[in-house]
Structure formats: structure tokens, C-alpha cells
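What follows is a set of notes on a single structure, which appears directly below.
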Amino acid sequence: GADIIFGHHPHVLQPVERYKNGLIFYSLGNFVFDQIGGAQNTSMIASVDVFEDGELTYITTPVEIDGGFPMLK
């Protein structure tokens, strides 16, 4: 099985879930598209650390899409 899943299709942010010993990022939102509307212009960067013992930790950095480019919030 997979330890980390990065979903993508809905183009809006969706939750992150710990499932068993893994991580599911259902959707990180858009990243370089500039669409009309707040939800479509909100995204995030996910950084995951994978340790030898199988532990997974992550941090997320919120970004806002402005003129087609991701900008840190």
C-alpha cells in the first residue's frame, strides 16, 4: 500500500487525514491557475518528512494564487 497520497482533482483545498500509518492529502487546491473566486485561489504547499522507523510528519504552508502565481500568505 501507499504511505502518502496526494489527491488533486477538485481544484479546492480539502482535508488532510492520517489513515493507519499513512497520510492522505485529499486536495492541495490549485497552484498556478488563476480562477475567479476565493476558494479556487486558495492553495497550500505540503512538506512531508519520512523517517526510517516509518513515522510521517508534515507541515503545510498556505498560498494564495494571484495573477496565476502562488504567493505565500
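Computed quantities for the displayed model
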{"quantity": "Potential extension, His8-Glu64 segment - 0.36 nm per residue separation minus Cα distance", "calculated": "18.5 nm"}
{"quantity": "Answer label, with P(r) over Cα pairs in 5 Å bins from 0, in percent calculated from the coordinates and candidates [x] 3, 15, 28, 25, 15, 8, 4, 1; [y] 3, 12, 15, 12, 10, 9, 8, 7, 6, 5, 4, 3, 2, 1, 0; [z] 4, 17, 26, 21, 15, 10, 6, 2, 0", "calculated": "[z]"}
{"quantity": "Extension gain (nm, one decimal) between Thr57 and Ile36, 0.36 nm per residue minus Cα-Cα", "calculated": "4.3 nm"}
{"quantity": "Loop-resident sites, the chain, for GluC sites (Glu not before Pro), counting at most 12 other Cβ within 10 Å (DSSP)", "calculated": "Glu52, Glu55"}
{"quantity": "Largest to smallest accessible area among Ile36, Ile59, Ile24 [probe 1.4 Å]", "calculated": "Ile36, Ile59, Ile24"}
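The values are calculated or read from the model by the stated rules, or taken from the named source; none is laboratory data. These numbers were taken from a predicted model, which means no experiment stands behind them. Backbone-built Cβ (ideal geometry, glycine too); neighbour counts: all protein chains shown. To get the accessible areas, we keep the full protein, side chains included, count just its heavy atoms, and leave off ligands, DNA and RNA. Shrake-Rupley method; radii C 1.70, N 1.55, O 1.52, S 1.80 Å.
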